[in-house]
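For reference, the structure discussed in these notes is given below.
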Amino acid sequence: MRVNTILSACCLIMLASSLPSWAQVRQQTQTTTLSGTVESIDQNQRIVHLKTADGKFETIDVPKTAKRFDELKVGDKVTITYNNTVTARLKPPGEAPVAADVQGSNMGQSTQPGGNAAAHKTITATISAIDKNTSSVSFVGPNGWKYSRRVVDPTILEKVKVGDKVDITWDTDLTVSVQ
């Protein structure tokens, strides 16, 4: 499994939760944790290879915004914890679209590299397809952003139609600790 850019990876998996309802429903938080020992570091490409306890190797792309990357060394024990919570809300007709993105971080401010980062993002997307056979919905959002997701509760598919607008909000936080 390739773990993409630590902070950018949030964007790739923020909507990983299935949408259980269209009123306004906050999902349970999904937590993903990756722990391992630094096996190699490519400073030029900002790539770290971790070996997990079960002997698997994971690749981490570290963004240029990550401070103190140069202090990381082979043999360091690293734990990355990612939390994701998704909210979906069917927009009433005529309500203005939303595009909000708030981020914060204290990465690199402690004695060891690492720290915390958080993001709160909301976008308005349009339902572009509904597939009742696979219980999935496809969306198109700002700048041509496209996304399809399986819906856990198929009765939701009866409540929406192609062309409906949905506000999708996700709250994420990332903690990186280096021992």
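Among the residues of the stretch 48-69, write down those that are surrounded by 14 or more Cβ atoms within 10 Å (Cβ to Cβ) and at pLDDT 90 or above. Hits for the stretch 48-69 are 48, 49, 50, 51, 58.
Out of curiosity, is residue 111 without any contact (Cβ under 8 Å) to a residue 40 or more places away in the chain, assigned to a loop (DSSP other than H, G, I, E, B) and of a type in the set (Val, Ile, Thr)? When the stated conditions are applied, residue 111 passes them. For the stretch 70-96, a residue qualifies if it is touching a helix residue (DSSP H, G or I) at 6+ places or on another chain (Cβ under 8 Å) and over 21 Å from residue 32 (Cβ atoms), but none of them does.
Take the conditions (1) out of contact with any Phe, Trp or Tyr (no Cβ under 8 Å at 6 or more places or on another chain); (2) surrounded by 13 or more Cβ atoms within 10 Å (Cβ to Cβ); residue 138 misses just one of them, which is (1). The one condition from (1) within 30 Å of residue 127 (Cα to Cα); (2) without any contact (Cβ under 8 Å) to a residue 60 or more places away in the chain that residue 106 does not meet is (1). Every listed requirement among (1) at pLDDT below 90; (2) closer than 21 Å to residue 171 by Cα; (3) surrounded by 14 or more Cβ atoms within 10 Å (Cβ to Cβ) is met by residue 146 save one, (3). Take the conditions (1) in contact with a helix residue (DSSP H, G or I) (Cβ under 7 Å, 6 or more places away or on another chain); (2) surrounded by fewer than 17 Cβ atoms within 10 Å (Cβ to Cβ); (3) under 30 Å from residue 75 (Cα atoms); residue 179 misses just one of them, which is (1). The listed residues are 118, 88, 99, 125, and the only one of them that is among the aliphatic types (A, V, I, L, M), surrounded by fewer than 17 Cβ atoms within 10 Å (Cβ to Cβ) and more than 17 Å from residue 173 (Cα to Cα) turns out to be 99.
Any residue that is within 18 Å of the chain's Cα centre (by Cα) and at negative phi - is there at least one of those in the stretch 156-166? The answer is no, given that none of the residues of the stretch 156-166 is within 18 Å of the chain's Cα centre (by Cα) and at negative phi.
All but one of (1) in contact (Cβ under 8 Å) with a residue 60 or more places away in the chain; (2) within 30 Å of residue 155 (Cβ to Cβ); (3) not polar (S, T, N, Q) hold for residue 123; state the number of the condition that does not hold. Unmet condition: (1).
Scanning the stretch 70-85 for residues that are assigned to a loop (DSSP other than H, G, I, E, B) and surrounded by fewer than 18 Cβ atoms within 10 Å (Cβ to Cβ) turns up 73, 74, 75.
The values are calculated or read from the model by the stated rules, or taken from the named source; none is laboratory data. Keep in mind it's a predicted model, so treat the numbers as computed, not measured. No Cβ is skipped: glycine too gets one built from the backbone with ideal geometry, and neighbour counts run over all protein chains shown.
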